[in-house]
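Everything below concerns the one structure shown next.
Here, each number is a calculation from the coordinates, and none is a lab measurement. All values derive from a computational prediction rather than experimental measurement. Here the Cβ positions follow ideal geometry from the backbone for every residue, glycine too, while neighbour counts run over all protein chains shown.
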Amino acid sequence: MGYSITPLLTGVRNPDQGIMTYQQGYGKRIWLPIWSFLVRGEGRNILVDTGLDENELFVPQGFIDETGLVPQSLIECLVQEGLSVEDIDIVINTHLHDDHCGNNALFPRAVFYAHKDEIAFCRNPHPIDHRYDTAFIEGTSFVEVDRDLEVVPGIRVLLSPGHTVGGLSVLIETTQGPAVITGFCCNAENFPANGPAVCPGVHLDAIAAWDSIQKIKGLGARILPMHDLGLQKIPG
């Protein structure tokens, strides 16, 4: 058994590194890619997150020239992989910020997974977190997760709250060994080679966020940080 993982670039923003790394990196502007992850294998086509709504796809000046990467709508990304929206069987929303569920409505055939507390919070968000918009999950029927869970053989969701109330990281058995897509926003700077991981810079609960990122680093799996610019396909 082994799945491939293909990052699909659905958008980009240009924030401060400090939103990734708590109390570190402030004053450094970064490119922040917004990925949806296509997971294929065992006859399944699965998306981890649905990325940024194409109506919000504004590419900052210089991004393509500097990186060579071209953000596209999720539909265009899937077409490049020989797929359509009807081919997606399962969608796992790691959390329900706008850039992780912006295209949920495109997949009426898919079975959706998200944490029950995340769903409840999205439907009645606190004003302090502006990244939620109930419009992105209207009409979405979720399998509501409340614990670590095997979604299908070889793919598990792991509770990793703190960045949000109900973050889910996704552990995947790939052809190159286990890989984990983080359920919280971070990049490579959160995972130094030595010492503990760095708490995500945006969080509702810093202690829970710190604990969750240590849990993910401690798995010993290949880590795919949700907003890292250097992500590459893990082939099947």
Exercise. Rounded to the nearest 0.05, what FRET efficiency do Ala120 and Asn14 have when you use their Cβ-Cβ distance and R0 = 25 Å?
Worked result: 0.20
Exercise. Given a cut-off of under 8 Å on Cα pairs at least six residues apart, what relative contact order in percent is computed for segment 64-145?
Worked result: 29 percent
Exercise. Counting DSSP beta bridges with both partners in segment 4-224, what percentage is antiparallel, nearest 5?
Worked result: 70 percent
Exercise. If we restrict to alpha carbons, what Rg and Dmax does the chain come to, in Å?
Worked result: 16.3, 46
For this session: Describe numerically, in nm with one decimal, the distance between label points set 7 Å from Cα along Cα→Cβ at Asp133 and at Ile64.
Result: 2.3 nm
Seminar exercise, completed: Nearest-0.05 FRET efficiency for Lys28 and Asp211 at R0 = 25 Å, using Cβ-Cβ distance, is 0.45
Seminar exercise, completed: Relative contact order as a percentage, segment 4-224, C-alpha pairs under 8 Å and 6+ apart, gives 17 percent
Exercise. When the Karplus curve 6.51 cos²θ - 1.76 cosθ + 1.60 is applied with θ = phi - 60°, which whole-Hz ³J(HN,Hα) does each residue of segment 31-41 get, with x for Gly and Pro?
Worked result: 7, 10, x, 10, 9, 10, 10, 8, 10, 10, x
For this session: Identify which of Ala120, Ala110, Ala197 has the largest mean-square fluctuation in a Gaussian network model of the chain, with springs joining Cα atoms closer than 10 Å.
Result: Ala120
For this session: Just tell me which aspartates and glutamates come within less than 15 Å, Cα to Cα, of Lys233; anything on the same chain fewer than 8 places away is out.
Result: Glu81, Glu173
Problem set entry | For Arg131, net neighbour charge (Lys/Arg +1, Asp/Glu -1) across residues whose Cβ lies under 10 Å away | -4
Exercise. So who's got an amide H within less than 5 Å of the one on Val145, skipping anything under 5 residues away but keeping other chains? H placed 1.01 Å off N, in plane.
Worked result: Ala114, His115, Lys116
Seminar exercise, completed: Taking r as the C-beta separation of Glu76 and Arg40 and R0 as 25 Å, the FRET efficiency to the nearest 0.05 is 0.90
Problem set entry | Sparse-neighbour loop sites [chymotrypsin sites (Phe, Trp or Tyr not before Pro); segment 33-108; at most 16 other C-beta within 10 Å; DSSP] | Phe58
Exercise. Under a GNM of the chain (C-alpha, springs under 10 Å), which listed residue has the highest mean-square fluctuation: Pro108, Pro15, Pro127?
Worked result: Pro127
